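Undergrad: Would you mind keeping the following structure in view while I ask a few things?
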Amino acid sequence: MVEDIGQQIINGDLAVGVTIFAEQVCNRLNISRTVVREGLRTLGSLGLIQSRPQRGTRVLPRENWDLLSPYVIRWRGHGPDHLTQMRELLEFRLGIERAAAYFAATRMTDDEAQAMARAAAQMRTSFQVRDTFNFFRADAELHRLLLEGSGNPALAQFAETVAALLRLRGAGSPYVYAPAGVARASLERHVALAEALGRRDRAAAADLAEEIIVETLREVSSASDFRR
């Protein structure tokens, strides 16, 4: 129920201000009122709807959504503003991941650095056999390790947000914004980042983390221009 209604709200099929009637949801999805109430609470916690006494449950505008929630990221990734979301979150990640790389270079444990190297190696292997799904899964793992390896709990909190965004690219989403496929240059930058962290080079790690985001932003911008 959460997936069904959440995607409808994100897609605009349930417009802002529309009232959601629990009884109608029960009948349409053949579920109990208890399940509907729990689902509505979840959607409310994500900022998609608001329930008020005597006024019912109404759909809220995007300004209220929890845009960093993995739920919302996934729904927007399959919705009409997928490229807008990608650009917004890349801009958000630009400063965060540069800082994370700088600190991770000295704070990351040896085990975490080795895990980064394995993720980069998995990206290379997947690239060579054209396995897009596992390429982006490894990509998501690498960036999760980067954020968590920063040793900063505030930065680490964004690990799942970033992973949810990256997993979209390998999860069979109908929206492909890199017609030429995964660029080898992007792969090499990720490998170089893992190597910089392994040798504890803060400046190189920070520069590479920034370069990865900047180049992806260019890719997304080119796709947006192509679609206009």
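Undergrad: Heavy-atom accessible area of ASP111 with all protein chains present, probe 1.4 Å, nearest 10 Å²?
TA: Approximately 110 Å² of ASP111 is accessible to the 1.4 Å probe.
Undergrad: Calculate the length of the line joining the C-alpha centroid of the stretch 5-74 to that of the stretch 77-115, in whole Å.
TA: 29 Å
Undergrad: Determine the calculated [θ] at 222 nm for the chain from helices alone, applying -39500 (n - 2.57) to every DSSP H run no shorter than 4 residues and normalising by the residue count; nearest 500 deg cm²/dmol. Please list the in-between numbers first.
TA: Details: 11 runs with 157 residues, N = 228.
So the helix-based figure for the chain works out to -22500 deg cm²/dmol.
Undergrad: Could you sort SER186, SER69, SER32 by their accessible area in this structure, using a 1.4 Å probe and putting the largest first?
TA: On the way: SER186 30, SER69 10, SER32 55 Å².
Listed by decreasing accessible area, they come as SER32, SER186, SER69.
Undergrad: R0 = 30 Å: FRET efficiency of ALA203 with ASP66, Cβ-based, nearest 0.05?
TA: Details: r = 35 Å, r/R0 = 1.16.
Once rounded, the FRET efficiency stands at 0.30.
Undergrad: Further question: When only the heavy atoms of the protein chains count and the probe is 1.4 Å, how do MET86, MET1 rank by accessible area, highest first? Walk me through the numbers on the way to the answer.
TA: Details: MET86 15, MET1 45 Å².
In descending accessible area the options line up as MET1, MET86.
Undergrad: Quick check: with the 1.4 Å probe, what order do PHE136, PHE21, PHE103 take by accessible area, largest first? Provide the component values of the computation, followed by the final result.
TA: Details: PHE136 15, PHE21 110, PHE103 70 Å².
Accessible-area ranking of PHE136, PHE21, PHE103, largest first: PHE21, PHE103, PHE136.
Undergrad: Hey, another quick one. Tell me, what is the percent relative contact order of the stretch 1-110, built from C-alpha pairs under 8 Å that lie six or more residues apart? Could the numbers behind the result be given before it?
TA: Details: 91 pairs, mean separation 28.5, N = 110.
Reported as a whole number, the value is 26 percent.
Undergrad: Run the numbers on the chain and let me know its relative contact order in percent, using alpha-carbon pairs under 8 Å that are six or more apart.
TA: On the way: 300 pairs, mean separation 48.4, N = 228.
Relative CO of the chain lands at 21 percent.
Undergrad: Can you work out ³J(HN,Hα) from phi for every residue in the stretch 141-156, in order, using Karplus 6.51 cos²θ - 1.76 cosθ + 1.60 and θ = phi - 60°, giving whole Hz and x for Gly and Pro?
TA: 5, 4, 6, 5, 4, 4, 5, 5, x, 5, x, 10, x, 5, 5, 4
Undergrad: Moving to a separate point now. In whole percent, how big is the carbon plus sulfur part of the accessible area of the chain, probe 1.4 Å, protein atoms only?
TA: Working: 5890 of 11630 Å².
Here carbon and sulfur together make up 51 percent of the probe-accessible area.
Undergrad: While we're here: Starting from the amide H of ILE20, placed 1.01 Å from N in the peptide plane, find each other amide H under 5 Å away whose residue is 5 or more places distant or on another chain.
TA: Amide H to amide H, under 5 Å and 5 or more residues apart or across chains, ILE20 pairs with THR57, ARG58, VAL59.
Undergrad: Keeping all protein chains in place, calculate the accessible area per residue for the chain (probe 1.4 angstrom), answer in Å².
TA: Values: 11630 Å² over 228 residues.
Per-residue accessible area for the chain comes out at 51 Å².
The values are calculated or read from the model by the stated rules, or taken from the named source; none is laboratory data. A quick note: this is a predicted structure, and the numbers were derived from the prediction, not measured. As a convention, Cβ positions derive from the backbone with ideal geometry for all residues, glycine included, and neighbour counts pool all protein chains shown. Areas reflect the complete protein model, heavy atoms only, side chains present, ligands, DNA and RNA absent. Shrake-Rupley method; radii C 1.70, N 1.55, O 1.52, S 1.80 Å.
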